């Protein structure tokens with residue numbers, strides 16, 4: 001399988017992170033989005049006319065939506081990562097997209113000079129981060145340590161994590177959101193975790209991640 005990838009894009013990171021955790025081999029083809037804008041070039045348009053990344057090529061199959069790629073990989077390699085029986089999955093994936101248009105957008109504006117209103121993006125991100133903090137806090141008290149019940153993270157966790165973990169690059173903060181910080185650390189300590197620019201590997205002396 002071939003993944004057209006931009007290392008700094010959170011959506012691409014989500015796919016790479018899931019693939020490693022699933023033990024799924026991908027051949028990465030880098031695309032220079034900033035500053036090269038190769039995703040708007042004619043050659044890339046022949047692959048994906050939508051000019052979006054990532055793109056997964058698997059034989060004759062071409063997948064151009066990052067969440068579709070994640071669900072596809074999970075269902076083929078370990079369906080426990082994609083609990084389709086629980087409608088909450090749809091809600092969490094939708095919230096992850098909203099994070100992309102808020103916390104993720106603010107990061108791209110501040111870090112890469114992407115167009116947009118950073119203040120408006122941060123304001124929307126604050127609402128979403130507060131809501132995830134609230135849900136995680138109550139979940140921890142019910143014995144849950146992921147966005148959805150289960151022994152390990154799911155595609156929902158990774159889809160949200162890639163925007164939450166580097167959100168400070170866009171001017172948001174996790175300082176007053178301890179449940180989110182604990183959740184981020186639990187993902188960092190999950191088997192197969194790989195880092196990205198702005199998302200750091202786990203610290204060996206991190207405190208008990210399951211503490212309330």
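State, to one decimal in nm², a quarter of the convex hull surface area for the C-alpha atoms of region 2-79, i.e. the direction-averaged projected area.
4.8 nm²
Between 0 and 90 degrees, the angle of helix 10-22 with respect to the longest Cα principal axis of the chain falls at about 70 degrees.
If you average the C-alpha positions of region 1-35 and of region 77-129 separately, how far apart do those two centres end up, in angstrom? Centre-to-centre distance over Cα atoms comes out at 17 Å.
Inverting the pair-averaged 1/r between distinct Cα atoms of the chain gives 17.6 Å as its Kirkwood hydrodynamic radius.
What ranking, highest mean first, results for peptides 87-95, 159-167, 16-24 when packing means the other Cβ atoms within 10 Å averaged over each residue?
My ranking of the peptides, most packed first, is 159-167, 16-24, 87-95.
Among 187-193, 40-46, sorting by the average number of other beta carbon atoms lying within 10 angstrom of each residue, highest first, gives 187-193, 40-46. Entry note, the chain: relative contact order of 21 percent, from Cα contacts under 8 Å with a spacing of 6+ residues. Listed by Cβ neighbour count within 10 Å, with the fewest neighbours leading, 152, 37 appear as 37, 152. Compared with the dominant Cα axis of the chain, that is its longest principal axis, helix 178-188 is turned about 50°. Relative to the longest principal axis of the Cα atoms of the chain, the long axis of helix 155-164 lies at roughly 90 degrees.
With the convex hull built on the Cα atoms of region 120-168, state its orientation-averaged projected area in nm². Computed as one quarter of the Cα hull surface, the answer is 3.5 nm².
Footprinting exposure proxy ranking of 98, 130, fewest other C-beta atoms within 10 angstrom first, gives 130, 98.
Would you order 133, 68 from fewest to most other beta-carbon atoms within 10 Å of each residue's own beta-carbon?
Ascending Cβ contact count within 10 Å gives the list 68, 133.
The relative contact order of region 2-79 comes to 36 percent, based on Cα pairs under 8 Å that sit 6 or more residues apart.
Counting 0.36 nm for each residue step from residue 42 to residue 28 and taking away their Cα separation leaves a gain of 3.1 nm.
Computed per residue of the chain from DSSP H runs no shorter than four, each worth -39500 (n - 2.57), the mean residue ellipticity at 222 nm is -14000 deg cm²/dmol. Normalised by the number of residues in region 73-167, the mean separation of alpha-carbon contacts (under 8 Å, six or more apart) gives a relative contact order of 36 percent.
Each reported figure results from applying straightforward, stated rules to the coordinates on display, with no laboratory input. Keep in mind it's a predicted model, so treat the numbers as computed, not measured. Backbone-built Cβ (ideal geometry, glycine too); neighbour counts: all protein chains shown.
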